[in-house]
Amino acid sequence: MSLIDQLRDIVDDESLKEPEQVRVRMRSLISEMLTDTSDFDPVPDGEPVVLLVVGVNGAGKTTSIAKLVDVAKAEGQNVMLAAADTFRAGAIEQIQIWGNRLGVPVIAQKAGSDPAAVAFDALNAARARKVDLLIIDTAGRLHTTHNLMEELRKVRGIVEKNGSGFAERVLLVIDGTTGQNGLIQAKSFTESVKCDGVFLTKLDGTAKGGVALAIVGDLGLPIWFIGTGEKSSDMSAFDAEAFAGALLPEPRV
């Protein structure tokens with residue numbers, strides 16, 4: 001509605017008559033709204049980074065982690081994973097399979113163990129091995145589960161207390177097909193662990209990821225990456241102008 005209000009003003013001020021003129025202005029407004037103007041680098045160069053990855057089950061969290069690893073390794077970074085989702089059946093094994101496939105070490109404990117302890121061990125191991133990027137997978141049961149948020153806060157606290165020497169980032173994975181529910185998830189996770197940016201997944205189908213507008217508009221949370229397929233190479237940095245063009249494509253002649 002905020003975008004529509006702005007668009008109405010532009011149409012009146014510029015006396016726009018043609019639908020395509022209006023679409024051009026709307027694309028421009030969307031692009032401007034989604035452009036991250038901060039100097040906050042998602043994965044800064046020159047210093048080790050610990051990336052805490054959060055999001056509900058089914059959003060594509062594990063696949064997104066694999067994509068981040070693939071990109072980081074291609075850039076020559078030394079990468080390590082931590083399996084701090086100790087609650088979901090098979091979650092630890094899933095991360096270990098990806099670790100083996102991508103050739104990166106995985107810090108893990110047995111199922112049901114304390115996720116904060118896994119994060120603590122991983123930070124120490126990453127520091128000792130001079131890792132450039134440590135990615136910590138976390139539990140992702142429904143965002144309405146109070147205990148989940150308490151566990152995530154504990155893990156976040158461990159990272160803050162023991163992350164000396166690391167640039168700390170919290171990445172929220174959101175399914176691009178979720179619509180309004182994606183905004184609810186983003187609010188819940190941001191309130192609990194102060195997310196820094198978003199990885200928007202599953203944009204390889206008919207979904208256009210319009211939830212990005214609500215996340216950026218309501219929460220001021222930048223979109224950092226998008227996932228466009230199942231393969232570990234199917235991701236890209238977020239391009240606000242291209243995204244606006246996909247939301248409102250030019251009409252076919």
inquiry  = For the stretch 3-56, which positions are hydroxyl-bearing (Ser, Thr, Tyr) and on the phi > 0 side of the Ramachandran plot?
reply    = 15
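Taking the options 201, 206, 177, 228, name whichever one is within 24 Å of residue 87 (Cα to Cα) and either modelled with pLDDT under 95 or surrounded by fewer than 18 Cβ atoms within 10 Å (Cβ to Cβ) (or both).
On the way: 206 fails: within 24 Å of residue 87 (Cα to Cα); 177 fails: within 24 Å of residue 87 (Cα to Cα); 228 fails: within 24 Å of residue 87 (Cα to Cα).
None of the other options fit; the residue is 201.
Looking only at the stretch 43-59, count how many residues are farther than 21 Å from residue 128 by Cα and surrounded by 23 or more Cβ atoms within 10 Å (Cβ to Cβ). Even if it seems obvious, please write down each step before you answer.
As a first pass, look at the stretch 43-59 and keep what is farther than 21 Å from residue 128 by Cα: 53-59.
If we keep only those that are surrounded by 23 or more Cβ atoms within 10 Å (Cβ to Cβ) as well, we get 53-56, 59.
Qualifying residue count for the region: 5.
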ask   = Quick check: is even one residue across the stretch 66-78 closer than 21 Å to residue 183 by Cα and either among the polar types (S, T, N, Q) or in contact (Cβ under 8 Å) with a residue 60 or more places away in the chain (or both)?
value = no
inquiry  = surrounded by 23 or more Cβ atoms within 10 Å (Cβ to Cβ) and either in contact with a Ser or Thr (Cβ under 6 Å, 6 or more places away or on another chain) or within 24 Å of residue 164 (Cα to Cα) (or both): is that true of residue 105 in this structure?
reply    = no
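Suppose the filter is out of contact with any helix residue (DSSP H, G or I) (no Cβ under 6 Å at 6 or more places or on another chain), under 18 Å from residue 166 (Cβ atoms) and free of Cβ contacts under 8 Å to residues at least 12 places away in the same chain; does residue 93 pass it?
The answer is no for residue 93.
Taking the conditions exactly as written (surrounded by fewer than 17 Cβ atoms within 10 Å (Cβ to Cβ), modelled with pLDDT of 90 or more, out of contact with any Gly (no Cβ under 7 Å at 6 or more places or on another chain) and not basic (Lys, Arg)), does residue 191 satisfy them or not? Steps first, answer last, please.
Values: surrounded by fewer than 17 Cβ atoms within 10 Å (Cβ to Cβ): yes; modelled with pLDDT of 90 or more: no; out of contact with any Gly (no Cβ under 7 Å at 6 or more places or on another chain): yes; not basic (Lys, Arg): yes.
Spelling it out, it is not the case that residue 191 is surrounded by fewer than 17 Cβ atoms within 10 Å (Cβ to Cβ), modelled with pLDDT of 90 or more, out of contact with any Gly (no Cβ under 7 Å at 6 or more places or on another chain) and not basic (Lys, Arg).
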request  = For residue 110, work out the one condition from (1) in contact (Cβ under 8 Å) with a residue 40 or more places away in the chain; (2) over 21 Å from the mean Cα position of the chain (by Cα); (3) assigned to a loop (DSSP other than H, G, I, E, B) it doesn't fulfil.
outcome  = (1)
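So that you can scan it fast, the table gives a plain yes or no per residue for (1) over 27 Å from residue 116 (Cβ atoms); (2) more than 17 Å from the chain's Cα centre (by Cα):
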| position | (1), (2) |
| --- | --- |
| 13 | yes, yes |
| 16 | yes, yes |
| 22 | yes, yes |
| 27 | yes, yes |
| 35 | yes, no |
| 38 | yes, no |
| 51 | no, no |
| 60 | no, no |
| 65 | no, no |
note = Counting only residues that are modelled with pLDDT under 90, among the charged types (D, E, K, R) and surrounded by fewer than 16 Cβ atoms within 10 Å (Cβ to Cβ), the stretch 231-253 contains a total of 3
task = Might you check whether a residue that is in contact with a Phe, Trp or Tyr (Cβ under 7 Å, 6 or more places away or on another chain) and under 30 Å from residue 33 (Cα atoms) occurs anywhere in the stretch 137-160?
result = yes
Considering residues of the stretch 141-167 that are in contact with a strand residue (DSSP E or B) (Cβ under 7 Å, 6 or more places away or on another chain) and under 19 Å from residue 219 (Cβ atoms) only, the residue modelled with the lowest pLDDT = 152
note = residue 117: passes all of (1) surrounded by fewer than 21 Cβ atoms within 10 Å (Cβ to Cβ); (2) within 29 Å of residue 239 (Cβ to Cβ); (3) among the aliphatic types (A, V, I, L, M) but (2)
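For the stretch 80-98, state whether one or more residues are within 30 Å of residue 246 (Cα to Cα), part of a loop (DSSP other than H, G, I, E, B) and out of contact with any strand residue (DSSP E or B) (no Cβ under 8 Å at 6 or more places or on another chain). Give the derivation first.
First, pick out the residues of the stretch 80-98 that are within 30 Å of residue 246 (Cα to Cα): none.
Among the residues of the stretch 80-98, not one is within 30 Å of residue 246 (Cα to Cα), part of a loop (DSSP other than H, G, I, E, B) and out of contact with any strand residue (DSSP E or B) (no Cβ under 8 Å at 6 or more places or on another chain), which makes the answer no.
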ask   = Would you pick out the residues in the stretch 74-121 that are within 12 Å of residue 134 (Cβ to Cβ) and in contact with a Phe, Trp or Tyr (Cβ under 9 Å, 6 or more places away or on another chain)?
value = 81, 104, 106
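The values are calculated or read from the model by the stated rules, or taken from the named source; none is laboratory data. Predicted model, so just to flag it, every value in this text is computed and none were measured. Quick reminder, even Gly has a Cβ in these numbers, built from the backbone with ideal geometry, and neighbours come from all protein chains shown.
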